[in-house]
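Some notes on the structure that comes next.
The values are calculated or read from the model by the stated rules, or taken from the named source; none is laboratory data. Predicted, not measured: the structure shown is a model, and the values here were computed from it. Cβ placement follows ideal geometry from the backbone for every residue including glycine, while neighbour counts extend to all protein chains displayed. Quick note on the areas: whole protein, heavy atoms, side chains included, nothing else; ligands and nucleic acids left out. Shrake-Rupley method; radii C 1.70, N 1.55, O 1.52, S 1.80 Å.
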Amino acid sequence: MKPVKFEENELMVMAIFAEKTRQDTVATLKETLDVLEETKEDVSDEEMIEILSSLIEKLQQIEDKYYYTLDLDSYLLASEDDEYED
């Protein structure tokens, strides 16, 4: 199996939508993707759709043990820091 490399923006989105299991995270991301595809309004929605689609695909390729090793908390903290800088 080829190793899966997550992009920074994918890790940040994953951190925001992370659930207790990889399967639950994929389900939440799919629901979010469905809503976004139904209501897309501008180019930023298209970009998010691409990120979500790629992320779902990658998450379906990895094993649970790899998912549990991801340090997603650091990405949540980074996004909170960005909010305070604005």
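Quick notes
- Percent accessible area from carbon and sulfur atoms, the chain, protein chains only, probe 1.4 Å: 50 percent
- FRET efficiency for V4 and D73, using Cβ-Cβ distance with R0 set to 30 Å, rounded to 0.05: 0.90
- Three-way shape label, region 10-73, alpha-carbon gyration tensor, a/c 1.5: prolate
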